[in-house]
Each structure stands twice: as structure tokens, then as C-alpha cells.
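Working notes for the structure below.
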Amino acid sequence: STATLTAQGSALTESDPTFQAFTTLNAYKYGMIVQVSTEMIADSGVDLLGFLSREVGIGIGVAVNTALTTGTDTTMPNGIAVAAGSGVTGGTAVTGGFTADNLIDLSYSVNSMYRRQPGTGWMLNNNSLAAVRKLKDTTNQYLFQPSLQMGQPDMLLGFPVFENPDVASPALGAKSVLFGHLPSYYVRQVGGVSFQRSDEYAFANDLVTFRATIRLDGDLPQTAAIKYFIGNAA
């Protein structure tokens, strides 16, 4: 929609938003099965069921995070690193790495309409994060500002930093840094995590079966909201 200057007593001009395309969020299922003998459950001296639920949760979480980061939008979500728009391409003499100037340029490649909203920040993996922590300005001061308060994110160029192990490491042709309004990436989750137990599924083998599933999808409708740095492919 577009607002226009209107004189006193004059009719306002109608300006309805126009939708150019719609993004469909599906519900892709991720899951796993774990089987444990009844003897192990009965004889264990630890909270085995609690341990299994945590391990299943980690397994589901790892699979989902990978899909929502690098999914190819075919039979899986459109990952944030795949859907993001092009921001900055690295130099030819740094083997896919980035400089402080590259990160500054990346931050300003995102329109201020998105850049100034709450939730705007950086996303990168531990290898990129280690490289960022070594960057200094012309006065030999580190650009990275570690958080001094528990629960608060580290800061880079005035924006919070979020570590994501599934974002690529610096390399030729690799999208190793994401920046933008991260809430603009939408995730549709149907129901939530389902964790169920069956004593009948493998009854003949005297096994207890645990099943965990989750159904979700993700996409970035507006690629201008999040941009990526990519190592020079030359």
C-alpha cells in the first residue's frame, strides 16, 4: 500500500496491497523409532525412559534444524540459507572467507525497513563465529562484543549473534553468514512433537517401542528480509 499527501477535506486515495505470489507451507514429517527390551527398562539403575526421551528430542531437533536451514524446497522445507537473498560476495584472495567490511556491507544490504525491526541479527556456525571474533577495526578493537549477562546474545555491529551449526563454514561458493530480520522466516508446525510408547508393536520380541514425530514446513516469503554472504566462487 502507498500513502499519499491529501489536502484538508479531500477524499483519501484507496491503496490496497497487491499480492504477487503466495507461499504455501506444507507439513513434512520427521520422526524416528527407538526400541528397548523390557529387561533393560526393568533392570536399569538410571532414568532410562527420561534418557531416551532426551535422545529422541535431540534427534528430532537436529533433523528439523538441518531441514529449516538447508532444505531444498522439493520434498522438504525451504531452508533459510537457501531462501535468503544475495547480499555480499567475498573477495577472490581470501578463499571464501569474509572481512569486517564484508560484514558491514552485508548488514546494509538489508533494507532499513527490515534492519531496524526487533529480531534482526546474524546467523552463522561455530567456524564462522570463531573467524568473526578475530576481526578488528582500524583501532585494533574487536568488532565482536561478547555478552556479559546470562541469557543475552553476543553482539556484532550492534546486532545479536545466533549460532546455527547447519549454516555453512567459510568456503568458496558457501553461504557462511546470514543477516536480516530472522522472524521473517516462517515456520508452520502442525500440533507439535508427538512422543508415544507401544508395548504391543514388538510384543513377540518383548521390546518396548518409542515413536517420535513432528510435522512442519518453513519458507521465507520476502527474500529481501534476510541476505547472505557467499565466498567468492572464483
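The values are calculated or read from the model by the stated rules, or taken from the named source; none is laboratory data. Given the structure is predicted, the values throughout are model-derived calculations rather than measurements. Positions of Cβ are backbone-derived with ideal geometry, glycine not excepted, and every protein chain shown enters the neighbour counts. All accessible areas refer to the heavy atoms of the entire protein, side chains included, with ligands and DNA or RNA removed. Shrake-Rupley method; radii C 1.70, N 1.55, O 1.52, S 1.80 Å.
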Item to check | Candidates V132, V110, V167, V94, filtered to the one that is of a type in the set (V, I, T) and not in a loop (DSSP other than H, G, I, E, B) | outcome: V132
Checklist entry - Of all residues in segment 196-234 being within 27 Å of the chain's Cα centre (by Cα), among the basic types (K, R) and open to solvent by 50 Å² or more (accessible area, probe 1.4 Å), which is modelled with the highest pLDDT? => result R215
Checklist entry - When you scan segment 135-164, how many residues do you find that are in a loop (DSSP other than H, G, I, E, B) and either in contact (Cβ under 8 Å) with a residue 40 or more places away in the chain or within 23 Å of V64 (Cα to Cα) (or both)? => result 4
Next on the checklist: I need the full set of residues from segment 1-46 which are free of Cβ contacts under 8 Å to residues at least 12 places away in the same chain and surrounded by 10 or more Cβ atoms within 10 Å (Cβ to Cβ), in order please.
Outcome noted: T6, T13, M40, S44
Next on the checklist: I'd like the full set of residues that are in contact with a helix residue (DSSP H, G or I) (Cβ under 8 Å, 6 or more places away or on another chain) and either within 12 Å of M123 (Cβ to Cβ) or open to solvent by less than 50 Å² (accessible area, probe 1.4 Å) (or both), limited to segment 144-160.
Outcome noted: F144, L156, F159
Checklist entry - Among the residues of segment 116-132, is any among the small types (G, A, S), within 16 Å of K227 (Cα to Cα) and more than 21 Å from the chain's Cα centre (by Cα)? => result no
Checklist entry - Within segment 195-234, can you find the residues that are in a loop (DSSP other than H, G, I, E, B) and charged (D, E, K, R)? => result D206
Item to check | All positions within segment 202-234 that are out of contact with any Leu (no Cβ under 8 Å at 6 or more places or on another chain) and farther than 30 Å from A83 by Cβ | outcome: A202, F203, A204, N205, D206, L207, V208, T209, R211
Checklist entry - Hey, among the residues in segment 126-143 that are open to solvent by 90 Å² or more (accessible area, probe 1.4 Å) and touching a strand residue (DSSP E or B) at 6+ places or on another chain (Cβ under 6 Å), which one's farthest from L178 (Cα to Cα)? => result Y142
Next on the checklist: If the requirement is being open to solvent by less than 40 Å² (accessible area, probe 1.4 Å), among the polar types (S, T, N, Q) and touching a residue at least 24 places away in the same chain (Cβ under 8 Å), which of these qualifies: S86, S109?
Outcome noted: S109
Next on the checklist: For segment 47-65: of the residues being open to solvent by 50 Å² or more (accessible area, probe 1.4 Å) and modelled with pLDDT of 95 or more, which is farthest from S1 (Cα to Cα)?
Outcome noted: V62
Next on the checklist: open to solvent by 20 Å² or more (accessible area, probe 1.4 Å), in contact with a Phe, Trp or Tyr (Cβ under 8 Å, 6 or more places away or on another chain) and not in a loop (DSSP other than H, G, I, E, B): is that true of M123 in this structure?
Outcome noted: yes
